[in-house]
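Please treat every number below as a calculation from the coordinates, not as lab data. Note that this is a predicted model, so its numbers are computed, not measured. Here the Cβ positions follow ideal geometry from the backbone for every residue, glycine too, while neighbour counts run over all protein chains shown.
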Amino acid sequence: MTWNLMHLAKALKAAGGIPAYGNVRPAWSDGERFDYENPEYRS
């Protein structure tokens, strides 16, 4: 488990951290859904 956590930390550091795409609260409040369909309208 320790090796996995160290590997994940290295990967996140190399990628510049966790991207904020899809996790921006003001955008969600404004109605942005980041290309995901509304599951209530699926057949």
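Using only DSSP helix segments of four residues or longer, with each worth -39500 (n - 2.57), what per-residue ellipticity at 222 nm results for the chain after dividing by its residue count and rounding to 500?
Computed ellipticity for the chain at 222 nm equals -12500 deg cm²/dmol.
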Between residue 27 and residue 11, what is 0.36 nm times their sequence separation minus the Cα-Cα distance? Round to one decimal in nm. 3.1 nm
Projected area, mean over directions - the chain, Cα convex hull, nm²: 5.2 nm²
In degrees from 0 to 90, rounded to the nearest 10, what is the angle of the helix 2-15 Cα long axis to the longest principal axis of the chain? 60 degrees
With label points built 7 Å along Cα→Cβ from the Cα atoms of residue 34 and residue 1, find their separation and express it in nm. 2.8 nm
